[in-house]
Amino acid sequence: EAAIDALPAVAGRLAGSTRISPIRGAAPIGHRVNNAAGPGWILIGDAAGFVDPFTGEGIHRALRSARAAADALAAGGDVAATYRRARRRAFAAKTALSWLVQGFLAIPPLLEHAVERLEARPSATLLLGSALGDCRPATDALSPRALFEVLRP
């Protein structure tokens, strides 16, 4: 109940409603891995880290990292270094966007501000949702223009 009261836009939408079951939810999730590969080993999927605050990225990141691992193994040479570079290229922007959203989730007044702005700006909501859902590049949502749309008054 306190969490709902801390977010006036949510509290307003729920005013007059009746709760029919206990409130349940998941805290923001995230797991960093400093090194996803080394001599004779490679981590893929969630084992290699996850930060998406809504979906956990699961299957998408697992498939992309498995592909990067297979390509690194096929290329030979320093497989671990090749894999680390491929992971950085594949996930750097999405990781930055996900940690940014995690930051908003951790600061209720900032989250409230962003939620109010997103409610008023469907195109910004679509852009952010599409980037978080891996339907468009995360770099699109990290552009100064996109961030301005979410944060401007």
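The values are calculated or read from the model by the stated rules, or taken from the named source; none is laboratory data. Keep in mind the model is a prediction, meaning the values are calculated, not measured. Cβ sites come from the backbone with ideal geometry, for glycine too, and all protein chains shown count toward neighbours.
Give region 2-26 a look and list any residue that's small (Gly, Ala, Ser), surrounded by 10 or more Cβ atoms within 10 Å (Cβ to Cβ) and under 22 Å from the mean Cα position of the chain (by Cα), or say none.
If the condition is that a residue be small (Gly, Ala, Ser), surrounded by 10 or more Cβ atoms within 10 Å (Cβ to Cβ) and under 22 Å from the mean Cα position of the chain (by Cα), then ALA3 is the only one that fits.
From the list THR139, THR125, which one is more than 30 Å from ASP5 (Cβ to Cβ), modelled with pLDDT of 90 or more and β-branched (Val, Ile, Thr)? First the steps, then the outcome.
Details: THR125 fails: more than 30 Å from ASP5 (Cβ to Cβ).
That would be THR139, the only listed residue that is more than 30 Å from ASP5 (Cβ to Cβ), modelled with pLDDT of 90 or more and β-branched (Val, Ile, Thr).
It is to be established whether one or more residues within region 96-112 are at pLDDT 85 or above, not acidic (Asp, Glu) and not in a helix (DSSP H, G or I).
yes
In region 116-146, what count of residues is obtained for those that are exposed (fewer than 15 other Cβ atoms within 10 Å of the Cβ) and within 27 Å of GLY12 (Cα to Cα)?
Residues flagged as exposed (fewer than 15 other Cβ atoms within 10 Å of the Cβ) and within 27 Å of GLY12 (Cα to Cα) within region 116-146 amount to 7.
Suppose we filter GLU119, GLU149 for residues that are at pLDDT 90 or above, among the acidic types (Asp, Glu) and in contact with a helix residue (DSSP H, G or I) (Cβ under 9 Å, 6 or more places away or on another chain); which single one remains?
Values: GLU149 fails: at pLDDT 90 or above.
None of the other options fit; the residue is GLU119.
So THR82 passes all but one of these: (1) surrounded by fewer than 16 Cβ atoms within 10 Å (Cβ to Cβ); (2) of a type in the set (Ser, Thr, Tyr); (3) modelled with pLDDT of 95 or more. Which condition number does it fail?
The failed condition is (1).
Within region 85-99, track down each residue that is in contact (Cβ under 8 Å) with a residue 24 or more places away in the chain and crowded, with 17+ Cβ neighbours inside 10 Å.
Initially, region 85-99 is screened for residues in contact (Cβ under 8 Å) with a residue 24 or more places away in the chain, giving 87, 90-91, 93-99.
Listed by number, the residues that qualify are ARG87, PHE91, LYS94, THR95, LEU97, SER98.
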